[in-house]
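What follows is calculated from the coordinates using simple rules that are stated; it is not laboratory data. Please read all numbers here as calculations on a predicted model, not as lab measurements. Virtual Cβ from ideal backbone geometry, glycine too; neighbours counted across all protein chains shown.
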Amino acid sequence: MNIIRKTWAAVKGLLSGMKLTLGYFVRFDKVITQQYPENRDTLKIPQRSRGRLELIRDPETGEYECTTCGICVKACPNNSIAIEKDRDPVTKKWRLSKYEYRLDRCTFCGLCVQSCKFTALRMGQQFETAVFNRDELVQILNRDNPMAAATPQVGESGSKAEESPNKPPPLSPAPGIAPTPAASSTAAAPETAPISTHLTGKSPDQPME
């Protein structure tokens, strides 16, 4: 009798779950599946969705709400945020100089937004973040700041992005031609650190027996 009762409870639970799924076959107006990217113009993103990190501005002054306290940097488990700050020459207070956000490390956990005490951050609704160059995933969120704009962003002139990974290797010397002395590995050999005295019992300047 106990087996029949458990079997009926399992079947009842299965039917209650399938009721919602089977109901979509007769009520097409209730279907929530979105045909992306065909509906890109009318696509509605849920309010609680987590996209690219964004800085929030003060609606009255237009300045960023960020106070450069650094709590978001400490809360991030992947070291995705880096902040640079300087002092305002007038008020002598700290102000945001550059807010660097590494989208390639971000897991969209939202801990930075939850830890911010000044409501200066939010998870945006931008989810199309695919790029052909991963250097573009390093973003400066306050790019309109003159101090941040003066700093070359990764992927711009003078940055590491100029060293293309597809750069061909240097040509090797032709057979029978010895390499030049400048290419010798002995010329650039690092200096050898002195031997530790607690291992030999002697001074580093004293010759070993």
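Can you classify segment 53-159 as rounded, prolate or oblate using the Cα gyration tensor, where a ≥ b ≥ c are the square roots of its eigenvalues, rounded means a/c under 1.5, and otherwise it's prolate if a/b beats b/c and oblate if not? Show your work: numbers first, answer last.
Numbers: a/c = 1.73, a/b = 1.20, b/c = 1.44.
Because a/c hits 1.5 or more and a/b fails to exceed b/c, segment 53-159 counts as oblate.
For segment 64-110, what are Rg and Dmax over the alpha carbons, in angstrom?
Rg then Dmax for segment 64-110, in Å: 12.2, 38.
How much length, in nm to one decimal, is gained on full extension between residue 22 and residue 125, taken as 0.36 nm per residue of separation minus their Cα-Cα distance? Present the calculation step by step, with values, prior to reporting the outcome.
Values: separation 103, 0.36 × 103 = 37.08 nm, distance 3.14 nm.
Gain on stretching residue 22 to residue 125: 33.9 nm.
Can you sort 99, 24, 64 so the residue with the fewest Cβ neighbours within 10 Å comes first?
Ascending Cβ contact count within 10 Å gives the list 24, 64, 99.
Fewest Cβ neighbours within 10 Å first, please rank 1, 18, 123 accordingly.
Numbers: 1 5, 18 10, 123 18.
Fewest-to-most Cβ neighbours within 10 Å comes out as 1, 18, 123.
Would you mind ranking 8, 94 by Cβ crowding within 10 Å, fewest neighbours first? Could you put the intermediate results ahead of the total?
On the way: 8 10, 94 14.
Listed from fewest to most nearby Cβ atoms, that is 8, 94.
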